[in-house]
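Enquirer: For reference, the structure I am asking about is given below.
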Amino acid sequence: MLEINSLSVAYGRQLALEDVSFSVRQGEVVALIGPNGAGKSTLIRAASGVLPALRGNVRVDGVELKLLSPAERARRLAVVPQARNLPPAFTVFETVLLGRTPYLGWMGQASETDRKCVWRALQHTQLSALAERRVGELSGGEQQRVLMARALAQETPILLLDEPTTHLDLQFQAEVLNLARSLANNHHKAVLMALHDLNLAGLYADRVVMLVHGRTQFVGAPHEVLTEHNLTAVYKVPVHVMPHPEYGSPLILPDGRSPEPVEGRGEAQP
Ligand code: ADP
Ligand code: MG
């Protein structure tokens, strides 16, 4: 279980997160949503231990994250970051094998188990055919899946994903999110993912945390958080919310035919 307790994080003197608290249980997918600059990536980075807390803390199965060594941390949580800084000369296989670093012996040699684990992660992300390709030659979407595969190869009980669908087309968006869902359902992982797309959050998450200006504005089930009232207030545009025809999860559409021009955004149509 991942617990975020009264967490505040600052960049210099600028507060980016203020008093944020929520938890992600094993088997649960929690979506982190909110406007650009709300603090989603900051929270993912703080939850992974890359950014220090100004106040509050992050706990993993009751243990404070900052008390764990980097290897212990990497055996408990894996991250798919938003920025892709992959060494371009490495092959896909070598890059995903990096996910096994926290398990390698003192010689740093990968075992048969490590290699099997990498192949499994490549299979899950439909990358097997690209295993020998250099990462620098891949498309943005393929690189995104390499990051996902590297995180899977880490075999951690907690997964942190920062906008894992950004560079993906519809097919791979669905595949990455179905994979996240199935890792929670079938492998009992705790999944926290920052998502930009409210519809995908509504469809895939058990709970939604809405951040605004670094604070938790709403936390709850998708149908509780993703309401016309809440979204219009946060995103400052009128929206329609209707239930998904099959699943009943909230579907969100901007009010595209609003007769009122939004101030500063062009002229009203005659
Ligand atoms: P989101 O992922 O929700 O778009 P971020 O977590 O990236 O938001 O950013 C939250 C706030 O922190 C923004 O105001 C952003 O400008 C600021 N910020 C993010 N990264 C840095 C950084 N490395 N240094 C200084 N400020 C940052
Ligand atoms: Mg971000």
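Enquirer: Ranking request for peptides 94-102, 121-129: highest mean number of other beta-carbon atoms within 10 Å first, then the rest in descending order.
Expert: Per-residue mean Cβ counts within 10 Å order the peptides as 94-102, 121-129.
Enquirer: Would you mind computing, in nm to one decimal, how far apart the modelled labels at ARG25 and LEU104 are, each placed 7 Å from Cα along Cα→Cβ?
Expert: 3.8
Enquirer: Moving on. Students often check this: by mean Cβ neighbours within 10 Å, which of 161-168, 244-251 ranks highest, and how do the rest follow?
Expert: 161-168, 244-251
Enquirer: Let me ask something else. In the chain, what percentage of the DSSP-assigned beta bridges are antiparallel, given to the nearest 5?
Expert: Approximately 60 percent, going by the DSSP bridge assignments.
Enquirer: Further, regarding this structure: Please compute the length gained on full extension between ARG133 and HIS213, using 0.36 nm multiplied by the number of residues separating them and subtracting their Cα-Cα distance.
Expert: 24.7 nm
Enquirer: Right, another one. For the range 146-159, in order, what is each residue's ³J(HN,Hα) by Karplus, 6.51 cos²θ - 1.76 cosθ + 1.60 with θ = phi - 60°, in whole Hz (x at glycine and Pro)?
Expert: In residue order, the calculated couplings are 4, 4, 5, 4, 4, 5, 5, 5, 6, 6, 9, x, 10, 10 Hz.
Enquirer: In whole Hz, with x marking every Gly and Pro, tabulate ³J(HN,Hα) for the range 93-105 from phi via Karplus 6.51 cos²θ - 1.76 cosθ + 1.60, θ = phi - 60°.
Expert: So the J values, rounded to whole Hz, are 4, 4, 5, 5, 4, 4, x, 8, 3, x, 10, 5, x.
Enquirer: Using just the C-alpha positions of the chain as equal point scatterers, what log10 of I(q)/I(0) does the Debye formula give at each q in 0.12, 0.13 1/Å?
Expert: Per q value, in the given order, log10 I(q)/I(0) is -0.77, -0.89.
Enquirer: With a 1.4 Å probe and every protein chain left in place, work out the accessible area per residue of the chain in Å², rounded to a whole number.
Expert: 51
Enquirer: Could you put VAL237, VAL135 in order of accessible surface area, largest first, with the 1.4 Å probe and the full protein assembly present?
Expert: VAL237, VAL135
Enquirer: Normalised by the number of residues in the chain, what is the relative contact order in percent for Cα pairs under 8 Å and 6+ residues apart?
Expert: Relative contact order of the chain: 24 percent.
Enquirer: So what's the convex hull volume per residue for the Cα atoms of the range 86-155, in Å³?
Expert: Output value, Cα hull per residue: 77 Å³.
Enquirer: Separate question: Rounded to the nearest 0.05, what FRET efficiency do GLU246 and GLU94 give with R0 = 30 Å and r taken as the Cβ-Cβ distance? Could you check?
Expert: 0.10
Enquirer: Roughly how many percent of the accessible protein surface of the range 86-155 is carbon and sulfur, given a 1.4 Å probe and a whole-percent answer?
Expert: That share works out to 53 percent.
The values are calculated or read from the model by the stated rules, or taken from the named source; none is laboratory data. Note that this is a predicted model, so its numbers are computed, not measured. Here the Cβ is made from the backbone with ideal geometry for all residues, glycine too, and neighbour counts use every protein chain on show. What goes into the accessible areas is simple: the full protein's heavy atoms, side chains included, and nothing from ligands, DNA or RNA. Shrake-Rupley method; radii C 1.70, N 1.55, O 1.52, S 1.80 Å.
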